[in-house]
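The values are calculated or read from the model by the stated rules, or taken from the named source; none is laboratory data. Keep in mind that this is a model prediction, so the values were computed, not measured. With ideal geometry, Cβ positions are generated from the backbone for all residues, glycine too; neighbour counts draw on all protein chains shown.
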Amino acid sequence: MSNWGATNTDNETIQYCFPNNNLSCTKSLKPGAEYVIVYIFISTISVFTVFLNLLVIISIAHFKQLQTPTNVLIFSLAVADLTVGLILMPVQGIKLIEPCWYFGEIFCSIFPFIFYVVVTASLGNLIIISVDRYIAVNDPLRYPVRVNTNKAVFSIVVNWAFSCIYSFVLLYESILYPEKNHTCVGECILFIKLGYIITDVCVTLVTPCFLIISLYMKICFVAKHQAEHINSLSDKKAKSEKKAARTLGIVVIVYLLCWIPYYIAALTLGQDSGDSLVINIMYWILCMNSCLNPLIYAMFYRWFRISTKYILTLKIFEPSSEYFNLLMQEK
């Protein structure tokens, strides 16, 4: 178990996190320019993430035309990404550069729980989205019957409930007994047993990867087969479904690329690395994924670009703006 501020160098001055507390951890002061640069970066990325995901949430919530089952799932993913920008990014960024924990013992036990709930829910959303796209491409005629908004909402509720229960089971020792892993005041360490880490790898990486990759391989196969036998009447619909599947496939790939480095680091460094610099950087990479998703939507979804224009120009406050046709020029 490491102790924040325990290392001293010739260029650093050792001080206490809480000078008036005899049990305080020590901290090493670094050059002020380093703090300023990192804080500016953290603030910029956090604000950008919140702003972009708010655009996604407002777009889907306001415009009736966008309230499809698939977009309801994207809405849930954007809510998780918004939480990352509002809470996880700032706190994780501060943990990356500050040697002391100033948010109190209660939040120290709650923060990892929030983190795991959000990232697990995000992964669950991607699995549900993959199933949705598979049904849309593989069985387009019965898709409106098999998938509707109510079923999408139900799957989202189940997903978030599972994420909460799973995260509590995984972290219950840290949540209920946070003081067990603290050696001084001003320290916040997440300690997870190696067996739990391996279980987490299976539940939130290996199994989802297998499911998602299998579904998207089937989607690509079906889409290619349909392209060879397509007729003019269904051409536009088929192209739209394939474009949606391709876009969400990119979202999934980016998500997995952000997840894999964390698990490699966690398994390589072991169970006592909860506060190490490498783990904190891997956490930050996970958080960065929440900023990338809306950018992918902006690149591939014309409806998102149009709705963003309406939001930023305040046209959403016009009468009956929720009925604007955003898909008229969709290609």
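Please verify whether region 28-44 includes one or more residues that are crowded, with 21+ Cβ neighbours inside 10 Å, in contact (Cβ under 8 Å) with a residue 40 or more places away in the chain and not β-branched (Val, Ile, Thr).
Step one: filter region 28-44 for residues crowded, with 21+ Cβ neighbours inside 10 Å, giving none.
No, that holds for no residue.
Here is a yes/no grid of residues against (1) exposed (fewer than 11 other Cβ atoms within 10 Å of the Cβ); (2) part of a helix (DSSP H, G or I); (3) at pLDDT below 75:
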| position | (1), (2), (3) |
| --- | --- |
| GLU187 | no, no, no |
| ASP200 | no, yes, no |
| VAL203 | no, yes, no |
| CYS209 | no, yes, no |
| SER214 | no, yes, no |
| LYS218 | no, yes, no |
| LYS224 | yes, yes, yes |
| SER232 | yes, no, yes |
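Tell me, yes or no, whether region 93-112 has at least one residue that is at pLDDT 90 or above, in a helix (DSSP H, G or I), at negative phi and surrounded by 16 or more Cβ atoms within 10 Å (Cβ to Cβ).
no
From PHE63, PHE51, PHE75, which residue is over 19 Å from CYS188 (Cβ atoms) and surrounded by fewer than 17 Cβ atoms within 10 Å (Cβ to Cβ)? Before you say what the answer is, go through the steps one by one.
On the way: PHE63 fails: surrounded by fewer than 17 Cβ atoms within 10 Å (Cβ to Cβ); PHE75 fails: surrounded by fewer than 17 Cβ atoms within 10 Å (Cβ to Cβ).
Going through PHE63, PHE51, PHE75 in turn, just one is over 19 Å from CYS188 (Cβ atoms) and surrounded by fewer than 17 Cβ atoms within 10 Å (Cβ to Cβ): PHE51.
If I go through region 132-155 residue by residue, how many of them are touching a Leu at 6+ places or on another chain (Cβ under 7 Å) and either part of a loop (DSSP other than H, G, I, E, B) or closer than 14 Å to GLN67 by Cβ (or both)? First the steps, then the outcome.
Looking only at region 132-155, we keep the residues that are touching a Leu at 6+ places or on another chain (Cβ under 7 Å), and these are 132-134, 152.
Now drop any that are not either part of a loop (DSSP other than H, G, I, E, B) or closer than 14 Å to GLN67 by Cβ (or both), which leaves 152.
Looking only at that region, the number is 1.
Give the residues of region 100-146 that are more than 23 Å from the chain's Cα centre (by Cα) and over 30 Å from CYS25 (Cα atoms), sorted by residue number.
Listed by number, the residues that qualify are ILE135, ALA136, VAL137, ASN138, ASP139, PRO140, LEU141, ARG142, TYR143, PRO144, VAL145, ARG146.
Conditions (1) among the β-branched types (Val, Ile, Thr); (2) at pLDDT 75 or above; (3) crowded, with 17+ Cβ neighbours inside 10 Å; (4) out of contact with any Ser or Thr (no Cβ under 8 Å at 6 or more places or on another chain), marked per residue:
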{"residue": "VAL251", "(1), (2), (3), (4)": "yes, no, yes, yes"}
{"residue": "TYR262", "(1), (2), (3), (4)": "no, yes, yes, yes"}
{"residue": "ALA266", "(1), (2), (3), (4)": "no, no, yes, no"}
{"residue": "SER276", "(1), (2), (3), (4)": "no, no, no, no"}
{"residue": "PHE300", "(1), (2), (3), (4)": "no, yes, no, no"}
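So ILE87 clears everything in (1) within 30 Å of VAL222 (Cβ to Cβ); (2) under 16 Å from the mean Cα position of the chain (by Cα); (3) free of Cβ contacts under 8 Å to residues at least 40 places away in the same chain except one condition, right? Which one?
The single condition ILE87 does not satisfy is (1).
Do we find that SER155 is surrounded by 18 or more Cβ atoms within 10 Å (Cβ to Cβ), of a type in the set (Ser, Thr, Tyr) and closer than 17 Å to CYS287 by Cβ in this structure? Don't jump to the end; show me each part of the working.
Numbers: surrounded by 18 or more Cβ atoms within 10 Å (Cβ to Cβ): yes; of a type in the set (Ser, Thr, Tyr): yes; closer than 17 Å to CYS287 by Cβ: no.
No, not satisfied.
Can you name the residue in region 308-325 that is surrounded by 11 or more Cβ atoms within 10 Å (Cβ to Cβ) and aromatic (Phe, Trp, Tyr) and, of all such residues, is farthest from TYR297 (Cα to Cα)?
Checked region 308-325; the qualifying residue farthest from TYR297 (Cα to Cα) is PHE324.
Looking at region 54-78, which of its residues are in a helix (DSSP H, G or I), hydrophobic (A, V, I, L, M, F, W, C) and touching a residue at least 24 places away in the same chain (Cβ under 8 Å)? Show your work before the answer.
Our first condition is that a residue be in a helix (DSSP H, G or I); within region 54-78, this holds for 54-62, 64-66, 69-78.
In the following step, the residues that additionally are hydrophobic (A, V, I, L, M, F, W, C) were identified as 54-58, 60-61, 66, 72-75, 77-78.
Of everything in region 54-78, those that are in a helix (DSSP H, G or I), hydrophobic (A, V, I, L, M, F, W, C) and touching a residue at least 24 places away in the same chain (Cβ under 8 Å) turn out to be LEU54, LEU55, VAL56, ILE57, ILE58, LEU66, VAL72, LEU73, ILE74, LEU77, ALA78.
Can you find even one residue in region 99-110 that is over 21 Å from CYS291 (Cβ atoms), touching a Pro at 6+ places or on another chain (Cβ under 6 Å) and among the β-branched types (Val, Ile, Thr)?
no
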